[in-house]
1. Please work out if MET71 is out of contact with any helix residue (DSSP H, G or I) (no Cβ under 8 Å at 6 or more places or on another chain), surrounded by 16 or more Cβ atoms within 10 Å (Cβ to Cβ) and in a loop (DSSP other than H, G, I, E, B).
2. What is the residue count in region 97-109 for residues that are surrounded by 14 or more Cβ atoms within 10 Å (Cβ to Cβ) and either charged (D, E, K, R) or over 18 Å from LEU25 (Cα atoms) (or both)?
3. Can you go through THR59, THR34 and tell me which one is within 15 Å of the chain's Cα centre (by Cα) and farther than 15 Å from ILE131 by Cα?
Amino acid sequence: MALTSSPYLSFPGNASEAFPYYQELFGGELDMQTYDAMPSLEGFPFTPPPGAVAHATLTAPGITLAGGDGMGEDLPPLSSSVYSFLLIFDSADEARGFIDTVIRGGGAAGMPFEQAPWGDLYGQVTDRFGIRWDVNVPAAA
């Protein structure tokens, strides 16, 4: 069986800001389509707000992110302690650089990046959109 997996994020109306930010963070190719660009929305079960992102996919080395703007009035915030995305870096310098970039971009440090009880370097950072990134460097690196 061939399988690929990608997180799908439903943003509360700011996907058009979030996905270019993730492209700056990770590099890669970004494909983003708004509902405005669709030829017809006839028969849709909802009326998207102007400029809403219908679907975006960022494909970068080692990571693919997909998502768009969620629809509805009471969308929950993306920030949560019940999920995170684990990033495994080859070096401590790369990992620290990522953490620093997220913090400089309006994010917040979570768990300090240091040696974990299992031997790896590990830390947590939450970006300005509320996504928590768990940052890991294997002990052998």
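The values are calculated or read from the model by the stated rules, or taken from the named source; none is laboratory data. As the structure is a prediction and not an experimental result, all values here were calculated from the model. Note that we place each Cβ from the backbone using ideal geometry, even for glycine, and neighbour counts take in every protein chain shown.
1. Details: out of contact with any helix residue (DSSP H, G or I) (no Cβ under 8 Å at 6 or more places or on another chain): yes; surrounded by 16 or more Cβ atoms within 10 Å (Cβ to Cβ): yes; in a loop (DSSP other than H, G, I, E, B): yes.
So MET71 fits the description; yes.
2. So the count comes out to 1.
3. Details: THR34 fails: within 15 Å of the chain's Cα centre (by Cα).
Answer to the check: THR59.
Every residue, every condition in (1) assigned by TED's automatic domain parsing to the domain that holds THR126; (2) among the hydroxyl-bearing types (Ser, Thr, Tyr); (3) assigned to a loop (DSSP other than H, G, I, E, B); (4) at positive phi, yes or no:
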{"site": "LEU3", "(1), (2), (3), (4)": "no, no, yes, no"}
{"site": "TYR22", "(1), (2), (3), (4)": "no, yes, no, no"}
{"site": "GLN33", "(1), (2), (3), (4)": "no, no, no, no"}
{"site": "ASP36", "(1), (2), (3), (4)": "no, no, no, no"}
{"site": "PRO45", "(1), (2), (3), (4)": "no, no, yes, no"}
{"site": "ALA54", "(1), (2), (3), (4)": "no, no, no, no"}
{"site": "PRO76", "(1), (2), (3), (4)": "no, no, yes, no"}
